[in-house]
Every structure is written in C-alpha cells, then in structure tokens.
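Novice: This is the structure I want to talk about, given as structure tokens.
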Amino acid sequence: MAKLVAGVATSHVPAIGAAIDLGKTEEPYWKPLFQGYELSKKWIAEQKPDVIILVYNDHASAFSLELIPTFALGCAAEFPPADEGWGPRKVPVVKGHPELAWHIAQSVILDEFDLTIVNNMAVDHGLTVPLSLLFGQPSEWPCQVIPLAVNVVQYPPPTGNRCYNLGKAIRRAVDSFDPDLKVMIFGTGGMSHQLQGPRAGLINRAFDTAFLDNLTKDPRKLSQMPHIDYVREAGSEGIELVMWLIMRGALDEKVREVYRFYHVPASNTAVGHIILENEA
Amino acid sequence: MKSEPNPFDDIPGTTLFDAQRSRQGYHLNMFCMSLMKADNREAFKADEAAYLQKFPMTAEQRDAVLKREWNRLISLGGNIYFLAKLFSTDGKSFQHVAAIMTGSTQEDYARMMINGGRSPEGNRSKKDWENRG
C-alpha cells in the first residue's frame, strides 16, 4: 500500500531560485538561508520518497485571468518548467505520477472536493524552488511529483478549513492506493510577506512563529483563522499560508516536528520551513 | 440589501485583488500576461503606446503603464503578479518595485528588509496610519 510518511513546508520565493541558478548561494546575503536547508537535504536523501504531492500556487504563469481553478491537480506524465518572462529555469522537467494523481482526483472528487484535472501545465517557481531547496541541482529530480496548484492570487482563495479538509481527503486517497509507494506532501509559499502597495515589506515574526507552533500542535485551530487575519497580520501575500494546511491535513493528527528553520529576508519575504513526520 | 463595510478596506496601504478589481483590471492584466512571450516583449519595447492599443484598456490604465506608476496601476485593477511581467520586461525586480510603491529608495527598502522588515505594529489599521501624523 502507498504510505504517506511526512510533510514538508517551505517558502518558494523566486529570488531563491535565481540565487541557486546564478550560483550565488555562498554570497553573504544568501548563505544563512541555504545553510538552513542543509539538514533537510540530508533528511530527504535518507528518506528517499517515491512521490511528492506538491501544493503550490501558480503566479500568472500557467493560469492567467482567463481560467482560475481553485484547486488544480496535475495528472500528466511530465510538467515543463514555465517561462516566467526571462526564459524557463534551467531545472529538470518534473516527472509526474499519473496513476496516483488520477487515483487522488477520482477519490477526492467522489469525496466531494471538486478539483480541476490538468493534463497540460507548465510549473513555475512556486513548484520548482521547493524542489531545488530540498534536492539541490541534480540532472533529474530523484522522485516523481504530483503538482496541486491552489488559487491564492484572485481573492478569495479557499478557506484554511477547506484546505485542511482537502488534505484529509488526499490522505484517504493515498491510503487507498495499492502499489507500495513512499509518499510525501509539501505545502509551499508564505510566510509573512507583502509585495504590493505602500505597506510592502511587512514581516510578522510573531505571527509566523505562532503559525509554525500551531501547525505542529493545533492545526485545527489554525484552520479556523479567517482570511482577514492572514492579510492584516501576515501581509497580502502571506495568505499563501493556507496551502500549508493542505499538507498538514494529510498528516496524522499527532506528528513529530523533525526540523524548523526561519529566516528574514529573502528579497521581500520571511522564509519559513518545517518538517513533520507521522509517528507510525 | 445593504452591503456591509468591507473589513479589508481598513488595512492600510493594501489592495485586495477581489472580484471588482479583477473585472476592472482584466485587460490591463491580460496585457501584462502577453509579455510572457519574447516576440510580444520586443513589439512592446519597440512602440509601447502602439502595442497598448491592441488591448481594450482604459486611457488611464494605458497612461499608468507608460509612466510605470505602480500604485496607480494597482488602484486601476492591476495585480502584482501580472504587473511583474511588465517590470521584468524592464529588467526590474520585485524589490525595486516594492521600494517605489512604499515611497522609499531601493537601498533604504533593502536595509529595512535586512533589519527584519516592516513591523506589523502601527501597520494593522488605517487608524494607525492616521495617528502617526
């Protein structure tokens, strides 16, 4: 049977991808950030997941205003890196897992989560930066990836509660998949940041710390937080954090916090990262 | 039916990209989206005003694009992730544009970020901004 073993959350700032691609990771500005992922890289190299369900948001790359799916699940065999306006990142093509992806789609739709099935989708920095942070610069990604794109650009994004419950539905789907697979789920985006308007640059360390604490200990409480609290406290783009609740919902009620890292700034953003393992 | 006041309107210096803004900014944002293609970027750079005529935007939106007035573009329905296609075409970064939108120099803005960013204290409500004098 497929087994969901762990969840990872991480920010997906585009400037981090650029720093990796341009060989700037040893520069004083970036070094402390990349050091914060050293332990995680070792951890995941030991864990060797077969498949990662990667929850992220598209930043007007694959989806524009023509089509705005709230939840879009990538069921294709592969996903090319998107050209975000300056040429695609020079990272490997992302290989999907169509069999598990279709199983998840079928399972969660019958479980009343009406997500969109996508067979042709380029993936932007939201998906590729977390892979680069955890796997470095391999010639091929070491596992298959199922992209789950969540709308957080057009208000309203799904509620935290909806995300948390979708995570639970994804877990039920993984648990009912026959082949032996080691599965992980990533929640990406956040933490506090605001990219627009006179309040740009907002960072809220206290909010982020409490979010990380509750992600481990009391995700149910976190799932009840209204959108206004995210925007007011964590900035207009801090609302991306609802995506972390999909990851958390897919894990056991009780989890072991393996690792946590927090760093300000990466460009305009507070970088947060946490690794949670199911106990069993 | 009387509509309730929108609580998001109380957050200072922040524009929510909601249904109304999305409708208002549709063609502006789709113009930005067109700059994802290299050929379109070249055509835009060659004659910005002529290129903008291809999109049924308002005269005000076109003017704000030509002047790169970022806060005005946001108030006219622009979304930051779409506007990013425009400033990327100019070779500018998110941090460069964020600094401009806050009325700061890029250097001062970058320093603020290195020092932990803009505090939420005094930046939660429009009342906070009115009282700061």
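Bear in mind that the values in this text are calculations on the coordinates, not laboratory data. Fair warning: this is a prediction, and the values are worked out from it, not measured in the lab. Using ideal geometry, Cβ is built from the backbone for each residue, glycine included, and neighbour counts are taken over all protein chains shown.
Novice: Mind checking the range A:145-206 for trypsin sites (Lys or Arg not before Pro) that DSSP puts in a loop (not H, G, I, E or B) and that have at most 12 other Cβ atoms within 10 Å?
Specialist: In loop regions of the range A:145-206 (DSSP not H, G, I, E or B), there are no sparsely surrounded trypsin sites (Lys or Arg not before Pro).
Novice: Add -39500 (n - 2.57) for each DSSP H run of 4 or more in chain A, then divide by its residues: what number comes out at 222 nm, to the nearest 500 deg cm²/dmol?
Specialist: Helices in chain A give a 222 nm mean residue ellipticity of -10000 deg cm²/dmol.
Novice: Roughly how crowded by other chains is peptide B:94-104, in terms of the mean Cβ count from those chains within 10 Å of each of its Cβ atoms?
Specialist: For peptide B:94-104, the averaged partner shielding equals 5.
Novice: Here's a follow-up. Enumerate by residue number the trypsin sites (Lys or Arg not before Pro) in the range A:59-149 meeting two conditions: DSSP loop (anything except H, G, I, E, B), and at most 12 other Cβ atoms within 10 Å of the site's Cβ.
Specialist: Here the sparse-neighbourhood loop sites are A:K90.
Novice: Sticking with this structure for a sec: Is the shape of the range B:16-88 best called rounded, prolate or oblate, per the rule: a/c under 1.5 gives rounded, else a/b larger than b/c gives prolate, else oblate, with a ≥ b ≥ c the square roots of the Cα gyration tensor eigenvalues?
Specialist: Cα axes put the range B:16-88 in the prolate bin.
Novice: Tell me what chain B gives for mean residue ellipticity at 222 nm when only DSSP H runs of n ≥ 4 count, each as -39,500 (n - 2.57), the sum divided by the residue total, rounded to 500 deg cm²/dmol.
Specialist: -15000 deg cm²/dmol
Novice: Separation between the A:Q137 and A:E46 pseudo-spin-labels, each 7 Å from Cα along Cα→Cβ, expressed in nm?
Specialist: Taking the simple label geometry, A:Q137 and A:E46 are separated by 2.7 nm.
Novice: Let me ask you something else. The range A:1-34 to the range A:153-187: how many Å between their Cα centroids?
Specialist: Rounded to whole Å, the Cα centres lie 22 Å apart.
Novice: Output ³J(HN,Hα) for the range A:136-152: one whole-Hz value per residue in order, computed from phi by the Karplus curve 6.51 cos²θ - 1.76 cosθ + 1.60 with θ = phi - 60°, and x for Gly and Pro.
Specialist: Each residue of the range A:136-152 in turn: x, 10, x, 6, 9, 5, x, 8, 8, 9, 10, x, 10, 8, 10, 6, 10 Hz.
Novice: Provide the FRET efficiency to the nearest 0.05 for the A:E112-A:K24 pair, computing r from the beta carbons and using R0 = 41 Å.
Specialist: Calculated value: 0.35.
Novice: For A:I146, list long-range residues whose amide hydrogen, built 1.01 Å from N in the peptide plane, is under 5 Å from its own amide hydrogen.
Specialist: It is A:I52, A:I53, A:L54, by chain and number.
Novice: Exposed loop sites here are GluC sites (Glu not before Pro) in DSSP loop states with at most 15 other C-beta atoms within 10 Å. What is the longest stretch of chain A lacking them?
Specialist: The segment A:141-252 is the longest one with no such site.
Novice: If you build a Gaussian network model of chain A, linking Cα atoms that sit under 10 Å apart, which residue out of A:I109, A:I185, A:I53 swings the most?
Specialist: Sorting by GNM fluctuation, first place goes to A:I109.
Novice: Could you pull out which residues in the range A:45-65 have an amide N less than 19 Å from a spot 7 Å beyond the Cα of B:K37, following the Cα-Cβ vector?
Specialist: Hits in the range A:45-65 for B:K37 at 19 Å: A:60-65.
Novice: Beyond 26 Å between alpha-carbons counts as too far, so tell me which of A:K95/B:K54; A:K41/B:K85; A:K168/B:K85; A:K90/B:K92; A:K3/A:K31 fall in that bin.
Specialist: Among A:K95/B:K54; A:K41/B:K85; A:K168/B:K85; A:K90/B:K92; A:K3/A:K31, the Cα-Cα distance tops 26 Å for A:K95/B:K54; A:K41/B:K85; A:K168/B:K85; A:K3/A:K31.
Novice: When you look at the Cβ of every residue in B:9-17, what mean number of other chain Cβ atoms sits within 10 Å? Before the final figure, lay out each step's value.
Specialist: Working: counts 0, 2, 10, 4, 9, 11, 5, 7, 6.
Average neighbour count from other chains, rounded to a whole number: 6.
Novice: For A:G189, list long-range residues whose amide hydrogen, built 1.01 Å from N in the peptide plane, is under 5 Å from its own amide hydrogen.
Specialist: A:T10, A:S11, A:H12
Novice: Mind listing which trypsin sites (Lys or Arg not before Pro) in the range B:1-44 are in a DSSP loop and have 10 or fewer other Cβ atoms within 10 Å?
Specialist: Filter output for the range B:1-44: B:K2.
Novice: What do you get for the angle between helix B:80-89 and the principal long axis of chain B? Use alpha-carbon atoms, 0 to 90 degrees, nearest ten.
Specialist: Helix B:80-89 and the main axis of chain B meet at about 50 degrees.
Novice: Moving on to the next point. In a Gaussian network model over chain A where Cα atoms closer than 10 Å are linked, find which of A:P88, A:P130, A:P147 has the largest mean-square fluctuation.
Specialist: Comparing A:P88, A:P130, A:P147 in the GNM, the peak value goes to A:P88.
Novice: Identify which of A:L148, A:L22, A:L245 has the largest mean-square fluctuation in a Gaussian network model of chain A, with springs joining Cα atoms closer than 10 Å.
Specialist: Of A:L148, A:L22, A:L245, the most mobile in the Gaussian network model is A:L22.
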